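What follows is a short report on a single structure.
The values are calculated or read from the model by the stated rules, or taken from the named source; none is laboratory data. Quantities reported herein were computed from a predicted structural model and do not represent experimental measurements. Here the Cβ is made from the backbone with ideal geometry for all residues, glycine too, and neighbour counts use every protein chain on show.
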Number of protein chains: 4
Amino acid sequence: MTPGLSKNDIIEYSSNIMIYIDKRRRRLLKVSKDKIFSSDRGNIKLDDLVGLSYGSRVKTSLNINAWLLKPLLIDYLELGIKRVTQIIYPKDLGLILILLGIAPGSRILEIGVGSGNTTIVLANFVKPDGHVYGYEIREEFIRVAQSNLETLNLNQYATLKYRDAREGIDENNIDAAIVDIPDPWNVLDPLYNALRYTAPVVFFLPTMNQILKLFEAISKHKGFIDIRCYETFLREIELSPESIRPSTAMIGHTGYIVYARKIFKDSDVKA
Amino acid sequence: MTPGLSKNDIIEYSSNIMIYIDKRRRRLLKVSKDKIFSSDRGNIKLDDLVGLSYGSRVKTSLNINAWLLKPLLIDYLELGIKRVTQIIYPKDLGLILILLGIAPGSRILEIGVGSGNTTIVLANFVKPDGHVYGYEIREEFIRVAQSNLETLNLNQYATLKYRDAREGIDENNIDAAIVDIPDPWNVLDPLYNALRYTAPVVFFLPTMNQILKLFEAISKHKGFIDIRCYETFLREIELSPESIRPSTAMIGHTGYIVYARKIFKDSDVKA
Amino acid sequence: MTPGLSKNDIIEYSSNIMIYIDKRRRRLLKVSKDKIFSSDRGNIKLDDLVGLSYGSRVKTSLNINAWLLKPLLIDYLELGIKRVTQIIYPKDLGLILILLGIAPGSRILEIGVGSGNTTIVLANFVKPDGHVYGYEIREEFIRVAQSNLETLNLNQYATLKYRDAREGIDENNIDAAIVDIPDPWNVLDPLYNALRYTAPVVFFLPTMNQILKLFEAISKHKGFIDIRCYETFLREIELSPESIRPSTAMIGHTGYIVYARKIFKDSDVKA
Amino acid sequence: MTPGLSKNDIIEYSSNIMIYIDKRRRRLLKVSKDKIFSSDRGNIKLDDLVGLSYGSRVKTSLNINAWLLKPLLIDYLELGIKRVTQIIYPKDLGLILILLGIAPGSRILEIGVGSGNTTIVLANFVKPDGHVYGYEIREEFIRVAQSNLETLNLNQYATLKYRDAREGIDENNIDAAIVDIPDPWNVLDPLYNALRYTAPVVFFLPTMNQILKLFEAISKHKGFIDIRCYETFLREIELSPESIRPSTAMIGHTGYIVYARKIFKDSDVKA
């Protein structure tokens, strides 16, 4: 063992690893017996990796360099989760984490779990004492989300419910909420009741029509303040010797972020 | 006390509060005796707020509505910290949190602390068991950063050092690093040594000249892989009845994000 | 006279010139007797410039370099026209020129003249045989626009009318139209009648609410096809030795461009 | 013939037309005998279109609506020209037209003709009295560009030369220039000599490395002033009933626009 490495720096059977050959040849997999990683740059017998430390370089059967990396959250989000719905991307999720004031220990409500991509990120940042409560009306999505949480060993930090949030939320005194459903104006009352005093909520919405409709509904509801809307863009810069330039490919839009905070309605105000 | 509210939902002397009148009239302050909040929309005697619950609405001396909000991380970042340097904005910090795989318990290295804006965000997400180790060569910035950390009660999660990282880093097995100095190519060796196997680092750089120089230095160093570069944009959408539209004002650029991960150099590879 | 220069390369009394000291010190003015250009970098007596050729360098009274440039369209747009309304910027006008298939000789309809900024650009590109017909309901704007056209000697290529386009357009067989008013859905019929078969029109609109309303109205009208919507962004890159970087300041939004082309309505189709 | 239509509003043999079924089914073609337009929405015999007016609606063999549009410049750029090189897009070309102060009658130098896409746009805006002089070192590209100019009947307004501009430019007193080659720093002297006093030039460059190198070369050359750099973005907004939203697909980058204007070098200055 390389000096300075501890036991869990060493690849074992059932370890998650990322094999990295180059930007376009990155693969997440679980080390298991008799399994072979294959690519157009050659193969690697996974048995041969057991006992090596993360960060090591090996050679494929075609004598090409490959590195053994310990997967990070971003690797799982890009390569390791199953997607059955449109997801919220890291460029938006990162900003949302900060807007929602999330911290270890937070209790978060998620309305519209989808593939569980957002649930994973929330769980990662609230563990070990916080929790995510996810509502989803399509049962098959819950199964996918649950499986994705298990891939990252985050399942104990999230409870996914096959329930329609429009009909009520079980939790209360929630620290923050994220709503990713097509008709968020229909959950304003249960959402309001679930939130702690002055807690923030973020709505994620793809269309201008939805922005107009939600803003009108929130304005009428009177239980929210500091209403804002943002959109983010991410552009990759390609790094090659003698040619550093923004990438031609760019995602032009996924959704708008609407932010608001709960206040006491008039009837709630202390005299 | 309104039913359902616990003791720490109640404003006391020395509580931090945000008084919210409208988008342009938001103020963070600490409640203290005989202090008066004053604005062009009227004044509020802070003594009168003691005993009220967060989320309540009060009237200013000009009979204008004002709400009492519990400040969130984003409120401190926007209104509550002292800035003596250019800072990294939430649009970038959020993405960086995810790129760096930060989680509660992470041990983070920060080279170039500046005003401590980044330190605050890192500390918020690694607490209570993680820690931020910050290096800064301008002593006056450390005082500002320390004071900002204290404003958010995050000081126990960060250690700020008046030290030149180019001359060495005390820590090792660091989980992730963020480097925000003008000449990051000069810290590659100490940075490399401080990082845990396959740990990620993010460099934040404003100019194209720096991107070219850093990319060349990292490429020659041979100790990093999966080198990427991103830039993010944030556009606010203004919400008014009958006029929902992107804001005219937009920040066109703060800096580029360069990402890389440590690998073992050839000499380190297990035979 | 420098060899190769013709008579109109020489600055005379009443010539338009741009005095250029540096990026932030550029000034458009008309050379006249006894007039003095003054700046924090020194003064220049305009009488002294008569007889010099464009492109020459002179010294201010503080011995600072200043160059004498012949103003281009972009200089007039940036520095030389009076603005009494929000204008359409070159980033959008340039794309619009191409979308509208404008060429020398085109006959263009402009609904909503405002300060005449757009009129100037259109007139510049259709002269000498084409023409711009501008409708404007605020008489004081017509005076400003007329004056701006005169500054660029483009007034003979545009006819500005103090008229409400919603009540009808005098012209027909128009090659292309640009509509820059808050309620374009109210001019669809007169616009349709004025356009030549298959001619294009561009609407410029700042808000999402307007986009939704216009799209609904055009869809119902049935006289237009190939309906598209765009928005453009322009970012300046600051060029300094050792520091080339996108500018911090950026305009996030002026308006959306909606494009459509006339078709014959069902009743118009040749059997 | 529909009243109000003139002879050249009628489709004849050898007319260029655009058949428009929907956004994804637009086709440019020349009407000729026995030719059939075929698509997954049905066929159209082109002989049947002769005598119809532009703007008419016809039915395909599958009874689907199709409209007969007269092609505009944008249609040729999107659908009608052969591309053998990366081209400059309308979002950039439009801005360049305005930056260069192009107008009917302008004499323009183009260094690096490529597929002739830019030549077409320039020729369209300088005709009938202006001219484009294009230099290209790859003979096969000249043939493509010439053919593209002929498709739009613009060939008499452009002269394409199989010549290396680095070795000299034949023309002088040029009103404006556009340079779209990988090594523009190698043509600064011939370019300078060809330009009229205070005339502008635009360089189009994809990489940051090129921006740095060009800016250094222009700064040393001393013959140019008002040096600026821009980049533009274009985002399409998708228009559907109940779902108006920015498109997911977006081009993140094609190139940077560098702008500069000729001044007399010190030796040229009139005493």
**In the stretch A:95-104, the residues that are in contact with a strand residue (DSSP E or B) (Cβ under 9 Å, 6 or more places away or on another chain), within 24 Å of A:Q146 (Cβ to Cβ) and not β-branched (V, I, T)** = A:L100
**Message:** I'd like to check something: does the stretch C:209-221 contain any residue that is facing chain B (nearest Cβ under 9 Å) and more than 21 Å from the chain's Cα centre (by Cα)?
**Reply:** yes
**Prompt:** Which of the residues belonging to the stretch C:8-19 are touching a strand residue (DSSP E or B) at 6+ places or on another chain (Cβ under 6 Å) and either of a type in the set (D, E) or under 18 Å from C:I81 (Cβ atoms) (or both)?
**Reply:** C:D9, C:N16, C:I17, C:M18, C:I19
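Taking the conditions exactly as written (out of contact with any His (no Cβ under 8 Å at 6 or more places or on another chain) and over 26 Å from D:Y192 (Cα atoms)), does C:N16 satisfy them or not? I'd like the intermediate steps shown before the answer.
On the way: out of contact with any His (no Cβ under 8 Å at 6 or more places or on another chain): yes; over 26 Å from D:Y192 (Cα atoms): no.
No; evaluated as a whole, the condition is false for this residue.
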**Prompt:** So is B:S115 farther than 30 Å from A:A123 by Cβ and more than 10 Å from chain A (Cβ to nearest Cβ) or not?
**Reply:** yes
**Item:** Residue match in the stretch B:143-157 (condition: assigned by TED's automatic domain parsing to the domain that holds B:P190, more than 29 Å from B:R25 (Cβ to Cβ), more than 13 Å from the chain's Cα centre (by Cα) and hydrophobic (A, V, I, L, M, F, W, C))
**Value:** no
**Prompt:** What number of residues within the stretch D:11-26 satisfy the criterion of being surrounded by 17 or more Cβ atoms within 10 Å (Cβ to Cβ) and not hydroxyl-bearing (S, T, Y)?
**Reply:** 7
**Message:** Looking at B:D48, B:D9, can you tell me which residue is modelled with pLDDT under 95 and over 30 Å from B:T232 (Cβ atoms)?
**Reply:** B:D9
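Scan the stretch B:130-137 and give yes if some residue there is touching a strand residue (DSSP E or B) at 6+ places or on another chain (Cβ under 7 Å), in the same structural domain as B:T232 (by TED's automatic domain parsing), within 27 Å of A:T118 (Cβ to Cβ) and modelled with pLDDT of 95 or more, otherwise no. Break it down into steps so the answer makes sense when it comes.
Within the stretch B:130-137, the subset touching a strand residue (DSSP E or B) at 6+ places or on another chain (Cβ under 7 Å) is B:130-136.
Now narrow it down to the ones that are in the same structural domain as B:T232 (by TED's automatic domain parsing): B:130-136.
Applying the additional criterion that residues be within 27 Å of A:T118 (Cβ to Cβ) yields B:130, B:132.
Remaining after also requiring modelled with pLDDT of 95 or more: B:130, B:132.
Yes, the stretch B:130-137 contains at least one residue that is touching a strand residue (DSSP E or B) at 6+ places or on another chain (Cβ under 7 Å), in the same structural domain as B:T232 (by TED's automatic domain parsing), within 27 Å of A:T118 (Cβ to Cβ) and modelled with pLDDT of 95 or more.
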**Complete:** The residue that is farthest from D:M208 (Cα to Cα), considering only those in the stretch B:222-267 that are of a type in the set (V, I, T) and more than 26 Å from the chain's Cα centre (by Cα), is B:I244
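Okay, residues lined up against (1) free of Cβ contacts under 8 Å to residues at least 60 places away in the same chain; (2) part of a loop (DSSP other than H, G, I, E, B); (3) farther than 13 Å from B:S15 by Cβ:
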position	(1), (2), (3)
B:S32	yes, yes, no
B:N43	yes, no, yes
B:G51	yes, yes, no
B:V58	yes, no, yes
B:S61	yes, yes, yes
B:W67	yes, no, yes
B:Y76	no, no, yes
**Asked** List the pairs whose first member sits in the stretch C:123-148 and is closer than 23 Å to C:I98 by Cβ and facing chain D (nearest Cβ under 8 Å), whose second member is loosely packed, with under 15 Cβ neighbours inside 10 Å and of a type in the set (V, I, T), and whose Cβ atoms are under 6 Å apart, counting only residues at least 6 apart or on separate chains?
**Response** none
**Request:** State the number of residues belonging to the stretch A:104-141 that are crowded, with 24+ Cβ neighbours inside 10 Å, in a helix (DSSP H, G or I) and over 14 Å from the mean Cα position of the chain (by Cα).
**Result:** 0
**Item:** Failed criterion for B:I87 (all others in (1) among the β-branched types (V, I, T); (2) closer than 17 Å to A:I98 by Cα; (3) within 11 Å of another protein chain (Cβ to nearest Cβ) hold)
**Value:** (3)
**Request:** Select from the stretch B:38-63 the residues that are more than 14 Å from chain A (Cβ to nearest Cβ) and either among the aliphatic types (A, V, I, L, M) or at positive phi (or both) and write down the one among them that is surrounded by the fewest Cβ atoms within 10 Å (Cβ to Cβ).
**Result:** B:N63
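Take the residues of the stretch D:43-94 that are small (G, A, S) and out of contact with any Phe, Trp or Tyr (no Cβ under 9 Å at 6 or more places or on another chain): which is farthest from D:V144 (Cα to Cα)? Steps first, please.
The first filter runs over the stretch D:43-94 and keeps only residues small (G, A, S), leaving D:51, D:53, D:55-56, D:61, D:66, D:80, D:94.
Then drop every residue that is not out of contact with any Phe, Trp or Tyr (no Cβ under 9 Å at 6 or more places or on another chain), which leaves D:51, D:61, D:80, D:94.
Numbers: D:G51: 32, D:S61: 35, D:G80: 12, D:G94: 23 Å.
Ranking the qualifying residues of the stretch D:43-94, first place goes to D:S61.
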**Asked** How many residues are surrounded by 22 or more Cβ atoms within 10 Å (Cβ to Cβ), more than 14 Å from chain D (Cβ to nearest Cβ) and part of a loop (DSSP other than H, G, I, E, B) if we restrict to the stretch C:150-179?
**Response** 1
**Asked** What number of residues within the stretch C:100-122 satisfy the criterion of being touching a His at 6+ places or on another chain (Cβ under 8 Å) and under 17 Å from C:V187 (Cα atoms)?
**Response** 1
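Going by what's in this entry, would A:Y197 be described as over 30 Å from B:S219 (Cβ atoms) and surrounded by 17 or more Cβ atoms within 10 Å (Cβ to Cβ)? Lay out the reasoning, then the answer.
Details: over 30 Å from B:S219 (Cβ atoms): yes; surrounded by 17 or more Cβ atoms within 10 Å (Cβ to Cβ): yes.
The answer is yes for A:Y197.
If I ask for residues that are assigned to a strand (DSSP E or B) and at the interface with chain D (Cβ under 7 Å from one of its Cβ atoms), which ones from the stretch A:222-260 would you list?
A:R235, A:S243, A:I244, A:R245, A:P246, A:A249, A:M250, A:I251, listed by residue number.
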**Request:** Return only the number of the condition from (1) more than 23 Å from D:E236 (Cα to Cα); (2) modelled with pLDDT under 95; (3) surrounded by fewer than 21 Cβ atoms within 10 Å (Cβ to Cβ) that A:S219 does not satisfy.
**Result:** (2)
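Quickly run through the stretch A:180-203 and pick out the residues that are in contact with a strand residue (DSSP E or B) (Cβ under 9 Å, 6 or more places away or on another chain) and within 13 Å of chain B (Cβ to nearest Cβ). Quick ask: steps written out before the conclusion?
So the first thing to find is which residues in the stretch A:180-203 are in contact with a strand residue (DSSP E or B) (Cβ under 9 Å, 6 or more places away or on another chain), and the list is A:180-182, A:184, A:187-188, A:190-192, A:194-203.
Answer for the stretch A:180-203, where residues must be in contact with a strand residue (DSSP E or B) (Cβ under 9 Å, 6 or more places away or on another chain) and within 13 Å of chain B (Cβ to nearest Cβ): A:Y192, A:A194, A:L195, A:R196, A:Y197, A:T198, A:A199, A:P200, A:V201, A:V202, A:F203.
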**Request:** Would you check if B:G101 is surrounded by 18 or more Cβ atoms within 10 Å (Cβ to Cβ) and either on the phi > 0 side of the Ramachandran plot or not in a loop (DSSP other than H, G, I, E, B) (or both)?
**Result:** yes
**Prompt:** Only one of (1) among the hydroxyl-bearing types (S, T, Y); (2) modelled with pLDDT of 95 or more; (3) surrounded by fewer than 20 Cβ atoms within 10 Å (Cβ to Cβ) fails for D:S267. Which number is that?
**Reply:** (2)
